[in-house]
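Heads up, the thing below is written out as structure tokens.
The values are calculated or read from the model by the stated rules, or taken from the named source; none is laboratory data. Worth saying up front: this structure is predicted, and the values here are computed from it rather than measured. Counting neighbours? That spans all protein chains shown, and the Cβs are built from the backbone with ideal geometry, glycine included. These area figures cover heavy atoms from the full protein model, side chains too; ligands, DNA and RNA do not enter into them. Shrake-Rupley method; radii C 1.70, N 1.55, O 1.52, S 1.80 Å.
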Amino acid sequence: MSDYITLDSPNVPILRHGENNTIPYGVFIKSPGEPITLPDSELASFKSRDMYLPNFSIREVEGIFSRDVVLKNLRSEGADLPGSCLLMKADVKTYLKGSSQFIATKQSSQNFKFDPNNEYRHHIAANSELHYVHVSYAPEYLDSFLPQNEPWADWVREKIAKKERVFGKEYQPLSLAQLRAIQTLTDCPLVGSLGVMMVETSVTQIILLQLHALFGEEYKMTDKSPTHRRDQELAHALKQYLRDNYLEDHSIAGLARQFATNGNKLMSVFRAVEGKSIFEYISDLRMQHAVHLLQDKDVKVLQIARTLGYKNPNHFSTAFKRIYGVVPTEFRYKPTY
């Protein structure tokens, strides 16, 4: 018997006007079928719901698998719709065709996917919680609001027009603005045409923030000199290291030893490439982790403060409010079910 189960995971279809007049626009309904076809009813425990609008569809899934699972498109063709995957809880490793290297998710993270040649497989660890929102949208809809004066936007357009694979090199953390927009999607306070408008605005905001976070950085710097490329590679390597170790105690001297350079160069290169200091970046990662932990109302603020390295919870609350405008007790991500 295989160590994992392979399951079909196609995009949620987009319903055009008149295709199915029994399905309402802009409200969540129970998925018309299981989001994946399960060979064993005890393999997973999950629930899903779908929302349809003229230019995009949304699926929210929450559950857990009892076995290791691989999600992929089992059809002969790939997925012809671009999509944004927004993961609140997940332990997923994404493999590209022909590669043994994987792209790992982080909690409260995201990626963009366009898979016309059926080149992905997503491995989900057994007994890990899975909660995600996936938005599928028409290419012409995406093209309608992509900025016209951004090189990264032109690159995305060109790749989709040529039906070439587009996928972020790493999962990016969800921003606070995106988390609030997701909350609007899953629990919209308005109904009818106003609700549809509010959902569509939220989707547009989520996609633009996602695409810029994933692809905009590659085009931020135009200097292609060897020295500049080395600096970018150093900053990127440090950024990756910090994303994997942001809860540890760090010093500039220790990081400089880790990357075989001197502290002043490391600090100046990182600020030049990333636009912020090393410790500002670490603080951002820790606060993003705090937002994720605050989604669980059973986790006390004192525990979160200690996890982030604060001996005094009041100092944590002050730092959190400085970034998000509210203290941690006032900000809790509402569950969607």
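State yes or no: is residue 263 over 22 Å from residue 213 (Cβ atoms), in contact (Cβ under 8 Å) with a residue 40 or more places away in the chain and not polar (S, T, N, Q)? Judged against the criteria, residue 263 is not a match. For residue 128, are the conditions met, namely being exposed (fewer than 15 other Cβ atoms within 10 Å of the Cβ) and within 30 Å of residue 7 (Cα to Cα)? So residue 128 passes the test. For the stretch 40-75, filtering for residues that are more than 22 Å from residue 187 (Cβ to Cβ), at pLDDT below 85, open to solvent by 40 Å² or more (accessible area, probe 1.4 Å) and not in a loop (DSSP other than H, G, I, E, B) leaves 2. When the stretch 216-251 is filtered for residues that are under 24 Å from residue 154 (Cα atoms), among the small types (Gly, Ala, Ser) and at pLDDT 65 or above, only 216 remains. Entry remark, the stretch 296-332: residues being surrounded by fewer than 19 Cβ atoms within 10 Å (Cβ to Cβ), in contact (Cβ under 8 Å) with a residue 24 or more places away in the chain and within 25 Å of residue 181 (Cα to Cα) number 8 in total. Restrict the check to the stretch 102-116 and report whether at least one residue is within 23 Å of residue 4 (Cα to Cα), among the polar types (S, T, N, Q) and surrounded by fewer than 18 Cβ atoms within 10 Å (Cβ to Cβ). No, every residue in the stretch 102-116 fails to be within 23 Å of residue 4 (Cα to Cα), among the polar types (S, T, N, Q) and surrounded by fewer than 18 Cβ atoms within 10 Å (Cβ to Cβ). For the stretch 151-197, which positions are of a type in the set (A, V, I, L, M), in contact (Cβ under 8 Å) with a residue 60 or more places away in the chain and under 20 Å from residue 118 (Cα atoms)? Once the filter is applied, which keeps residues that are of a type in the set (A, V, I, L, M), in contact (Cβ under 8 Å) with a residue 60 or more places away in the chain and under 20 Å from residue 118 (Cα atoms), the stretch 151-197 yields 160, 166. Restricted to the stretch 252-281, and to residues there that are of a type in the set (D, E, K, R) and farther than 23 Å from residue 175 by Cβ, the residue that is modelled with the lowest pLDDT is 265. Of all the listed residues (37, 6), the sole one being at pLDDT below 85 and not in a loop (DSSP other than H, G, I, E, B) is 6.
Screening residue 98 against (1) buried (at least 17 other Cβ atoms within 10 Å of the Cβ); (2) on the phi > 0 side of the Ramachandran plot leaves a single unmet condition, (1). Here 161, 181, 177 are screened, and the one residue that is surrounded by 14 or more Cβ atoms within 10 Å (Cβ to Cβ) and not charged (D, E, K, R) is 181. Remark: pairs (first residue in the stretch 241-254, of a type in the set (D, E, K, R); second residue open to solvent by less than 40 Å² (accessible area, probe 1.4 Å); Cβ separation under 8 Å; 6+ apart in sequence or on different chains) = 243/170; 243/285.
Picking from residues in the stretch 276-290 that are open to solvent by 20 Å² or more (accessible area, probe 1.4 Å) and over 10 Å from residue 308 (Cα atoms), the one that is nearest to the chain's Cα centre (by Cα) is 288.
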